[in-house]
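The values are calculated or read from the model by the stated rules, or taken from the named source; none is laboratory data. This is a predicted model, so every value here is computed, not measured. Neighbour counts are summed over all protein chains in view; Cβ atoms, including those assigned to glycine, are modelled from backbone coordinates with ideal geometry.
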Amino acid sequence: MKNRPYTHPGIILKEEFAVPLKITQAKLAELLNVGIKTINEIYNEKRGITPLMALKLANLFGTTPEFWMNLQSNYDLYKTYEKEKQEIEKVKKIA
């Protein structure tokens with residue numbers, strides 16, 4: 001696994017999309033038709049990007065849903081590896 005942690009998609013959403021476009025959490029929630037709590041939890045890494053949210057974000061920002069899902073998947077794999085590294089390394093390659 002890579003040494004530098006993957007960035008949570010909520011950080012990307014906030015720093016690369018919402019802040020430059022001057023979109024508040026309330027406005028983003030309205031645009032995505034979700035509660036402000038949902039946006040806040042995504043920003044604060046307490047909630048991940050679901051397939052539905054990925055589709056909504058892709059539609060809103062002109063990206064692809066795969067972009068958002070890949071961010072989430074990479075983050076989840078990294079966090080799981082860090083948490084379970086010792087258990088994972090007990091498994092030896094056979095091929």
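Test each condition in (1) in a helix (DSSP H, G or I); (2) surrounded by fewer than 15 Cβ atoms within 10 Å (Cβ to Cβ) for ILE42 and report the one that comes out false.
All conditions pass for ILE42, except number (2).
List the residue pairs whose Cβ atoms are under 8 Å apart, where the first residue sits in the stretch 37-57 and is on the phi > 0 side of the Ramachandran plot and in contact (Cβ under 8 Å) with a residue 24 or more places away in the chain, the second is assigned to a helix (DSSP H, G or I) and of a type outside the set (Val, Ile, Thr), and the two are 6 or more positions apart or on different chains.
GLU45/GLY10
Looking only at the stretch 66-89, decide whether some residue is out of contact with any Asp or Glu (no Cβ under 7 Å at 6 or more places or on another chain), of a type in the set (Val, Ile, Thr) and in a loop (DSSP other than H, G, I, E, B).
No - not one qualifying residue is present in the stretch 66-89.
When you scan the stretch 58-77, how many residues do you find that are within 11 Å of PRO9 (Cα to Cα) and either in contact (Cβ under 8 Å) with a residue 24 or more places away in the chain or surrounded by 18 or more Cβ atoms within 10 Å (Cβ to Cβ) (or both)?
Residues meeting the conditions: 7.
Being out of contact with any Ser or Thr (no Cβ under 8 Å at 6 or more places or on another chain), farther than 13 Å from THR7 by Cα and at pLDDT 95 or above narrows it down to one residue among GLU45, GLU66; which is it?
On the way: GLU45 fails: farther than 13 Å from THR7 by Cα.
Just a single option satisfies the conditions, and that option is GLU66.
Being among the β-branched types (Val, Ile, Thr), surrounded by 14 or more Cβ atoms within 10 Å (Cβ to Cβ) and over 11 Å from the mean Cα position of the chain (by Cα), is that true of even one residue in the stretch 28-37?
yes
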